[in-house]
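Asker: I'd like to ask you about the structure that follows.
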Amino acid sequence: MKILDKYILVSYLKTFFSVFVILMFIFVLQTIWLYIAELAGKDIDFIIILKFLWFFTPKLIPLVLPLTILVTSLMVFGGFSERYEFAAMKSTGISLQRAMRSLTVFISILALTAFFFANNIIPYSEYKWQNLRRNLAQVSPSMVISEGQFSQIGEGFNIKVDDKYGENNEFLTGVIIHEKNPTKPNGNYIVTIAQTGEFKSKEGSNTLSLVLNDGSRYEDIQEKDIKKQKRMPFAKTDFKQYIVNIDLTELNNTDIDRENDLSNQNMFNIRELFVEIDSLSKDYSKDIQTFANNSYYRAGVSKFNNKKTKAKKLPDSLNSYLDLFSEKRQTEIAKMALNNAKSTLQTINAKKKTYQIKTKRLNKYEMSLHDKQVLPIACIILFFVGAPLGAIIRKGGMGLPMVIAILLFLTYHFIGIFAKNSAEDGTLHPFIATWLSTFIMFPLSIWLTYRATTDQGIFDLDTFVGRITKLFKKK
């Protein structure tokens, strides 16, 4: 039996590592495609690009590892069945469960390793990747500027462009610049618009020149006199060419390896996530309680709870409490109540967005906590889906097993994505959202293992037709 276990394990490991390398290579290429705009043409050393990919790669493990286990199990066990090796094993009294024993031990060890990796390595690599990405963004102003949105360069400029092109993205079209006034730093009083622009700078210089063509410069004039300010004075200048000089001293002194103060749910291990979730929950509950108390006191209800005030006997013919007051006073009270109601509704609507953001953040932390726990369980369950399914379909290689594995994994993966998207806004509980796809695969793994053990197919057409025929004969 040791020879058989060794044969099955070696066959599985050879296919496992081949499939893992191929899938990892595919997903790394996808990563390069996603972030090529941030890396290409920025005069960044090739070693830094490799470091960027090295820190990003661990994030792919929770996606690549379960898919690798599913594909490998289908291919290996499908090949065993196709070559009648399982038939030979069963003829000697070796069941499917016995044949899977060595691989079950291997998958269990791999699942524990995946848990350690997700809990320790991935949070560290996530921090290093985000840190490196932020530092790279500060190396080149053209890298900071994103098309179609305002991007800040230094302390005084917010720049938006429609398009960037050129070898180093130095040519710009549709340029809009909001420039802060040094004397009035709290507002964008200077706006410059140009059809085209170009970044120019001398080697070793800390000043970057942005040459703008065919545009205009608009400036709000801030008057100290309130009467003059109501006239909203401004100055507008049209230009054929205008040069804006940007100080790059801070950008040029950027250290690629500098440690920044970054924090998100993917940068914590389980122990730290428990602390963060507890802190966020307490702050959230405290904020809601404070808002409720403030609303209560703002409404003036607390004034009626004064125990020293003696209740007066009301007349029997009283239709409303307002009848106790004069008509003029009744109008004032109604207006006051209406204003209080409108004010409270406005405050609630403003707070609603704040609470939605806090709820979303808290749910993300909870899902990150469960993601680390679900990964090892998913690896084991997908093994018990792929192995018996491969034995049933009796087809090895990269053809049909790969198609079936991809369809199964896409179903598993998309269920998880849709559930997590629902959980972010509170529609679904984070625990259910994270574990839903695994819960769905669990009974499937039991059913497939049972069907493979009892030498039954996935769907017995003859039995189904026979039952339908008997049903019609009875009628």
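The values are calculated or read from the model by the stated rules, or taken from the named source; none is laboratory data. Worth saying up front: this structure is predicted, and the values here are computed from it rather than measured. When we count neighbours, we look across all protein chains shown, and the Cβ atoms used for this are built from the backbone with ideal geometry, even at glycine. Accessible surface areas use protein heavy atoms only, side chains included; no ligands, DNA or RNA. Shrake-Rupley method; radii C 1.70, N 1.55, O 1.52, S 1.80 Å.
Asker: Report, in listed order, any pair from Lys160/Lys200; Lys164/Lys240; Lys286/Lys353; Lys282/Lys420; Lys352/Lys420; Lys180/Lys364 with a Cα-Cα distance greater than 25 Å.
Answerer: Those over the limit are Lys180/Lys364.
Asker: Given a Förster distance of 30 angstrom, what is the FRET efficiency for Ile193 paired with Thr427, based on the Cβ-Cβ distance and rounded to 0.05?
Answerer: So the FRET efficiency works out to roughly 0.10.
Asker: Ordering Ile381, Ile432 by accessible area with a probe of 1.4 Å, largest first, what comes out?
Answerer: Output order, biggest surface exposure first: Ile432, Ile381.
Asker: Next question, about the same structure. Keeping all protein chains in the complex and leaving out DNA, RNA and ligands, what accessible area do you get for Phe25 with a 1.4 Å probe, in Å² to the nearest 10?
Answerer: For Phe25, the solvent-accessible surface is approximately 130 Å².
Asker: Principal axis lengths of the stretch 322-435 from Cα atoms, whole Å, largest first?
Answerer: 91, 23, 20
Asker: Can you give me the Rg/Rh ratio for the stretch 347-412, using Cα atoms for both radii and the Kirkwood formula for Rh?
Answerer: 1.32
Asker: Any number yet on Rg/Rh for the stretch 410-460, C-alpha, Kirkwood?
Answerer: Looking at the stretch 410-460, the ratio lands at 1.19.
Asker: Normalized C-alpha radius of gyration of the stretch 369-443, against 2.2 N^0.38 Å?
Answerer: 1.24
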